[in-house]
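Accompanying notes for the structure given below.
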Amino acid sequence: MHVAILALNPTDSVTHGFLPAAARLGLDVTLLTDQPDRHTQAYVELDCAPNAILGCDVRDPLAVIAALSAGTPPHAVFSNSDHLQTQTALATSYLGLPGKDWTATLRAKNKALMRRHLADLDPVYSAELGPKDDPADLRDVPFPCVVKPREGVASEDVVLVVDADELTEQVRDIRTRRADGALVVEEFLDGPLNTLETIGDAAGQLHVLGGFETELSPPPYFIEERMQWRAALPAAVQDAVLAQLRALGVGLGACHTEFILQGSRPRLVEVNYRIIGDQGDLLLAELFQVPLFEWVLRAHLGQNVPVPPRTSRHARVDYIYARTGGVLRAAPPASDRPGLRYRPLRTVGDSIALTHTNRDYLGVLRCVGADRPSADADADAFLAEHRWDVGP
């Protein structure tokens, strides 16, 4: 069988998750990307590299459809990129393959559309700013509020503002990097950040894996610092989150949903219609000890997914990130211990320019233990043993 994967830059999820999974399933892989040289280089030492890497303007659904129609017809078209879900959905629809509803992928990606679509279920103040719109013209903005790109990812250019002057200043600053991009000004949803991880299969079943409790950096930015596994939510909370996902049209494939929990009321922050990233997906596969990436690919091949198992084990992931710009002077190498894996994301000597996003990450620490105290003890000990220095 043949699967086509759409990608922008190389990612851990594809390199260490989906490509090995495709090989284990015996699938031939054609990778379409607008960065073929980077992918070719990334897979030089990979024993499960794609069978073919094709250059393509993957942001253009018409170009994707043309490329797929010209080659060997795939049995599935898949992407794990936030930016390529709608293009992938349109391609699967054209080719008559199992796929996501393109209206659902669009609602999930476009935060203004998401808020409008869910207004009856959970009203949240949200105003859209086009590239030329003046934030001073907005009325009834509830300060503090959050300004962010309408189709942004990775908390990039997401910032908390406290008044109208700061809103104008931050919009002006973001537009120096995103001159043509639309922004969204939203009500600040205060409370603990949680996630829900789901997989939908060909039978229409939306399976819940569980989720994470997420610790964020101090305001005004929203960098994820640590995630602790949470096996189950109260039933009423989970049902409310699932109701909003179904209203958006989320079904087939993996979905990573972030929400603020205010008492027993979940308030959606964003819906990432793909598997959790930043090595959280690799952590889940290890936590459950199941072929998680194969399950996702099988769903896109039109197959059913097993009911996820329950586990009494605990998982934690820590993101070590730069607090200042400069040069990375010291950092530990990769490490593998029982239940603990550390992977550096930067090399000593690298120049670090702060972005206040996960692009500031220096390394990722993943721990799985018999319970939370043992996972915490292993992670805390590793962090105490090593140092990460960024200096002039």
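Within this structure, Ala127 passes the test of being of a type in the set (A, V, I, L, M, F, W, C), in contact with a Leu (Cβ under 6 Å, 6 or more places away or on another chain) and surrounded by 13 or more Cβ atoms within 10 Å (Cβ to Cβ).
Taking the numbered list (1) in contact (Cβ under 8 Å) with a residue 60 or more places away in the chain; (2) in a strand (DSSP E or B); (3) open to solvent by 10 Å² or more (accessible area, probe 1.4 Å) in turn, Gln303 passes all entries but (2).
For segment 5-25, state whether one or more residues are of a type in the set (Val, Ile, Thr) and in a helix (DSSP H, G or I). Yes.
Within segment 199-248, the set of residues being buried (at least 16 other Cβ atoms within 10 Å of the Cβ), acidic (Asp, Glu) and within 30 Å of Leu354 (Cβ to Cβ) comprises Glu224 only.
Asp57 satisfies every condition listed in (1) open to solvent by 30 Å² or more (accessible area, probe 1.4 Å); (2) within 30 Å of Val290 (Cα to Cα); (3) in a loop (DSSP other than H, G, I, E, B); (4) not polar (S, T, N, Q) except (2).
Going by what's in this entry, would Pro192 be described as open to solvent by 60 Å² or more (accessible area, probe 1.4 Å), in contact with a strand residue (DSSP E or B) (Cβ under 6 Å, 6 or more places away or on another chain) and not polar (S, T, N, Q)? So Pro192 fits the description; yes.
Note on segment 189-237: residues that are of a type in the set (A, V, I, L, M) and touching a His at 6+ places or on another chain (Cβ under 7 Å) amount to 2. Restricting to segment 6-27, name every residue that is free of Cβ contacts under 8 Å to residues at least 40 places away in the same chain, open to solvent by 10 Å² or more (accessible area, probe 1.4 Å) and under 26 Å from Pro73 (Cβ atoms). Of everything in segment 6-27, those that are free of Cβ contacts under 8 Å to residues at least 40 places away in the same chain, open to solvent by 10 Å² or more (accessible area, probe 1.4 Å) and under 26 Å from Pro73 (Cβ atoms) turn out to be Pro10, Thr15, Ala23, Gly26. Flag: Ser79 does not match the condition of being within 15 Å of Leu252 (Cβ to Cβ), open to solvent by 30 Å² or more (accessible area, probe 1.4 Å) and of a type in the set (Ser, Thr, Tyr).
The values are calculated or read from the model by the stated rules, or taken from the named source; none is laboratory data. As the structure is a computational prediction, the values presented were derived from the model and not from experiment. Virtual Cβ from ideal backbone geometry, glycine too; neighbours counted across all protein chains shown. Each accessible area value is taken on the protein alone, full model and side chains, heavy atoms only, with ligands, DNA and RNA left out. Shrake-Rupley method; radii C 1.70, N 1.55, O 1.52, S 1.80 Å.
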